[in-house]
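What follows is a single structure, written as structure tokens, with notes after it.
Where a number appears in this text, it was derived from the coordinates with a stated rule and is not lab data. This structure is a prediction, so every number in the text was calculated from the model and none was measured. Heads up, the Cβs are rebuilt from the backbone with ideal geometry, glycines too, and the neighbour counts pull from every protein chain shown.
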């Protein structure tokens with residue numbers, strides 16, 4: 001090969017090599033490297049987490065008088081003193097409502113739920129009773145076995161007592177030893193002369209109420225006091241004045 005041709009050949013070869021190297025360098029990108037390469041891994045700072053302080057749940061005012069049907073509408077009501085069907089033979093309440101301290105109403109609702117598992121339920125005759133009504137009752141029946149002396153006040157006057165009976169799924173009253181407000185020895189919680197079915201129903205009512213913190217009254221099978229009645233004051237607020 002002639003010298004000039006050799007020079008031309010090597011120049012051409014060198015130019016091609018340099019061009020190939022340039023193209024190779026442009027096509028290389030560090031970002032395309034395998035993540036398993038020896039380069040240091042990227043460290044991401046943990047994302048800050050917002051912290052919340054839960055506001056305390058507002059506790060229900062357990063001492064407040066509440067309408068029982070605002071707690072449980074499945075409990076039957078037969079508010080006798082809002083009618084003339086009572087031992088006074090006259091209407092004593094302007095409204096047919098069962099008002100109780102909130103804690104007692106909630107406990108009575110639990111009794112209802114317990115009984116429903118057996119196909120039974122509660123019917124209420126009386127709940128909160130204003131002191132002025134207590135005074136009228138005492139004037140007619142001044143016997144503290146059946147009517148509390150208004151000088152000290154009744155558990156009813158504190159919104160912490162309830163007069164109740166048992167009913168079936170249709171709301172029919174179960175047989176008991178006496179009718180409501182029967183001021184005789186037959187109304188005693190331990191009276192033994194009642195029929196077997198009446199005694200069984202009386203006992204079932206007592207067990208259901210005691211389980212949820214109510215205490216029976218010895219002389220009246222239908223009367224039960226809430227366990228915390230003593231902490232509440234006597235009231236003389238008309239039923240219609242309680243919102």
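Any idea what the alpha-carbon Rg over 2.2 N^0.38 Å comes to for region 65-241?
This ratio for region 65-241 stands at 0.95.
Taking other Cβ within 10 Å of each residue's Cβ, how do 139, 206 sort, fewest first?
Listing 139, 206 from fewest to most nearby Cβ atoms yields 139, 206.
Once you keep just the Cα pairs under 8 angstrom separated by 6 or more residues, what percentage relative contact order results for region 65-241?
Relative contact order comes out at 24 percent.
In which sequence would 189, 197, 75 go, from the one with the fewest C-beta neighbours within 10 Å to the one with the most?
The most exposed by this proxy come first: 197, 189, 75.
Only counting other Cβ atoms within 10 Å, I'd like 221, 229 sorted with the fewest neighbours first.
Fewest-to-most Cβ neighbours within 10 Å comes out as 229, 221.
Mind running the shape call on region 154-242? Use the C-alpha gyration tensor, a ≥ b ≥ c as the square roots of the eigenvalues: rounded below 1.5 for a/c, prolate if a/b tops b/c, oblate otherwise.
Prolate shape, in that a/c is at least 1.5 and a/b is the bigger ratio.
Relative contact order for region 175-243: what percent, with Cα pairs under 8 Å and sequence separation of 6 or more?
The normalised contact order for region 175-243 reaches 27 percent.
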